[in-house]
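Presented below is the structure to which this report refers.
The values are calculated or read from the model by the stated rules, or taken from the named source; none is laboratory data. On a predicted model such as this, the values are computed, not experimentally measured, just so you know. Because the Cβ atoms are built from the backbone with ideal geometry, glycine has one as well, and the counts that use them run over all protein chains shown.
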Amino acid sequence: MKRISDHLLLTLFASVWLWNTAVIASERPNIVMIVGDDMGWTDFGFMGSKIVHTPNLDKLAGESTLFPNGYVPTSLCRASLATLLTGLYGHQHQICCNDPPEGVNRAEMNPFMRRAPALPRLLSSLGYVSLQTGKFWEGHYVNAGFTEGMTVKGRHGDDGLVIGRTTMKPIEEFLDRHKGEPFFLWYAPMMPHEPHNPPDRLLAHYKQEGRPLALVRYYAMCEWFDETCGELLRSLEKRGLSGNTLVVFVVDNGWIQSMEPPKKGMNHFDPKSKRSPYDGGVRTPILFRWPGKIPVARRNDLISTIDLAPTMLAAAGMTPPPSMQGINLLPFIKEAKPIDRDAVFGEIFVHTCVKLGHPGLNLTHRWVREGDWKLIVPADSNSKPELFNLSDDPHEKANLASDRPEQVTKLNDRLKEWWNGH
């Protein structure tokens, strides 16, 4: 009789545990991360653009907490994407450059992501399924812990790059396959990234007398990207998923279209944008939408993309690993409290690695923004620092370093305290 009672008790305990687990899993939000690629921080309607049409992202911003003063630490796509996936600075995850040194196989860079606290891998321990689409430089999608994906090899993201430009079907199929399961969706189309080849119907929106064709094509690409974001958001809505889905929007790095004569190939960007320490390269709006959980607001706090992984993990009910130096933003957003930070930091690296596993050897600049002040310090000791007041000079045209040496010293000390470059 005792054995039967014990068996019934054990069965009852197991049933209650399974029920609780199911309840907890059902309460976890789905997480969708939308990552723009090579898009200027000013080139959105919700950021004040009177030229670029972004109605879908404007609508998303109107339903979100918006941080117009968001930053990526590194304005190079691979390093920036790795930070989004890991919550680590480049000098921590060590995926600093797009390409390995000459003669070194690309696969030798993959262990960095396999060792990192990658968001999909951590979420899988909570029962999340995940899908990688679009840009992903780290070899096979399983290297970051995705349960499903489109990229299995190559540079940029090989087969994953059809998402957005060609089709949204893999996302639709993923959502239909995993009804009732919490999911993490990585939507990082190579848009509005070059090649700037938008549909003719969108080019017509921007053609006007005196506007260079290069600028027309870039603007049209931004609108095309916006259209795909709208398609994704409507896919969630028609499946009844919007209410319990945290949507996070960010851009991997900025872009200012170059007006110089076209060069062979791509990379037609202004020197003060992509791959630079200027706001044209490192600044991005960041949006969080979670209906009923996150208020609609516009916040002027300084935030960084190192904050995104801790915030998403916290939303899923997980304490972020101690290696993540970012802030869980949820309590500050929900309670409308000022974020406990007065500065954000960043680092710029060369495109092609000098030596794997040695971030300091690949460093070109470090930068810090504290309030309205921003300091840029070159890694080359023979080059002089630059100091800007972004309130008066948002496009960083007037270097005030020689006029405000005390401010340079103060911010340089903060940079050294954060990371000394070695």
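Quick look at the values:
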{"read-out": "Residues of the range 169-214 satisfying the condition of being acidic (D, E), surrounded by fewer than 12 Cβ atoms within 10 Å (Cβ to Cβ) and within 26 Å of the chain's Cα centre (by Cα)", "value": "D176"}
{"read-out": "Subset of the range 82-98 (residues that are farther than 16 Å from S276 by Cα and either of a type in the set (A, V, I, L, M, F, W, C) or in a strand (DSSP E or B) (or both))", "value": "A82, L84, L85, L88, I95"}
{"read-out": "Residue within the range 160-168 that is of a type in the set (G, A, S) and on the phi > 0 side of the Ramachandran plot present", "value": "yes"}
{"read-out": "Unmet criterion (only one of (1) crowded, with 21+ Cβ neighbours inside 10 Å; (2) at pLDDT below 95) for V16", "value": "(1)"}
{"read-out": "Flag for L123 being within 18 Å of L175 (Cα to Cα), touching a residue at least 24 places away in the same chain (Cβ under 8 Å) and either surrounded by 24 or more Cβ atoms within 10 Å (Cβ to Cβ) or of a type in the set (V, I, T) (or both)", "value": "yes"}
{"read-out": "Selection status of R217, over 23 Å from L66 (Cβ atoms), more than 17 Å from the chain's Cα centre (by Cα) and without any contact (Cβ under 8 Å) to a residue 60 or more places away in the chain", "value": "yes"}
{"read-out": "Tabulated pairs, the range 32-49, first in contact (Cβ under 8 Å) with a residue 24 or more places away in the chain and of a type outside the set (A, V, I, L, M, F, W, C), second buried (at least 23 other Cβ atoms within 10 Å of the Cβ) and part of a helix (DSSP H, G or I), C-beta under 6 angstrom, 6+ apart or interchain", "value": "D43/C222"}
{"read-out": "Check on T305, crowded, with 22+ Cβ neighbours inside 10 Å, modelled with pLDDT of 95 or more, in contact with a strand residue (DSSP E or B) (Cβ under 7 Å, 6 or more places away or on another chain) and polar (S, T, N, Q)", "value": "yes"}
{"read-out": "Tabulated pairs, the range 173-194, first farther than 27 Å from M318 by Cβ, second among the charged types (D, E, K, R) and assigned to a loop (DSSP other than H, G, I, E, B), C-beta under 8 angstrom, 6+ apart or interchain", "value": "P189/K135; P189/R165; M190/K135; M190/R165; M191/R165; P192/D38; H193/D38; E194/D38"}
{"read-out": "Among the candidates A336, A297, A315, A343, residue that is closer than 21 Å to V368 by Cα and not acidic (D, E)", "value": "A343"}
{"read-out": "Any hit, the range 67-78, residues being closer than 30 Å to M47 by Cβ and either more than 16 Å from the chain's Cα centre (by Cα) or assigned to a helix (DSSP H, G or I) (or both)", "value": "yes"}
{"read-out": "Matching entry among G243, G230 (being part of a helix (DSSP H, G or I), in contact (Cβ under 8 Å) with a residue 60 or more places away in the chain and at negative phi)", "value": "G230"}
{"read-out": "Matching residues in the range 380-422 - criterion: being in contact with a helix residue (DSSP H, G or I) (Cβ under 8 Å, 6 or more places away or on another chain) and either small (G, A, S) or over 18 Å from D279 (Cα atoms) (or both)", "value": "A401, W419, G421, H422"}
{"read-out": "Only listed residue being aromatic (F, W, Y), over 22 Å from N30 (Cα atoms) and at pLDDT 95 or above, chosen from F345, F332, F288", "value": "F345"}
{"read-out": "The lone exception for G127 - which of (1) part of a helix (DSSP H, G or I); (2) more than 19 Å from the chain's Cα centre (by Cα); (3) modelled with pLDDT of 95 or more; (4) not aromatic (F, W, Y) it fails", "value": "(1)"}
{"read-out": "Selection within the range 364-392 - more than 18 Å from E347 (Cβ to Cβ), over 23 Å from the mean Cα position of the chain (by Cα) and either crowded, with 23+ Cβ neighbours inside 10 Å or acidic (D, E) (or both)", "value": "D392"}
{"read-out": "Qualifying residue in the range 401-408 (condition: closer than 18 Å to G280 by Cα, among the acidic types (D, E) and either in contact with a Leu (Cβ under 9 Å, 6 or more places away or on another chain) or crowded, with 16+ Cβ neighbours inside 10 Å (or both))", "value": "no"}
{"read-out": "The range 285-306 residues that are at positive phi, paired with ones that are at pLDDT 95 or above and of a type outside the set (K, R) (beta carbon under 9 Å, 6 or more apart)", "value": "G292/G243; G292/N244"}
{"read-out": "Qualifying residue in the range 337-346 (condition: crowded, with 20+ Cβ neighbours inside 10 Å and without any contact (Cβ under 8 Å) to a residue 24 or more places away in the chain)", "value": "no"}
{"read-out": "Some residue of the range 199-215 being in contact with a strand residue (DSSP E or B) (Cβ under 7 Å, 6 or more places away or on another chain), at pLDDT 95 or above and on the phi < 0 side of the Ramachandran plot", "value": "yes"}
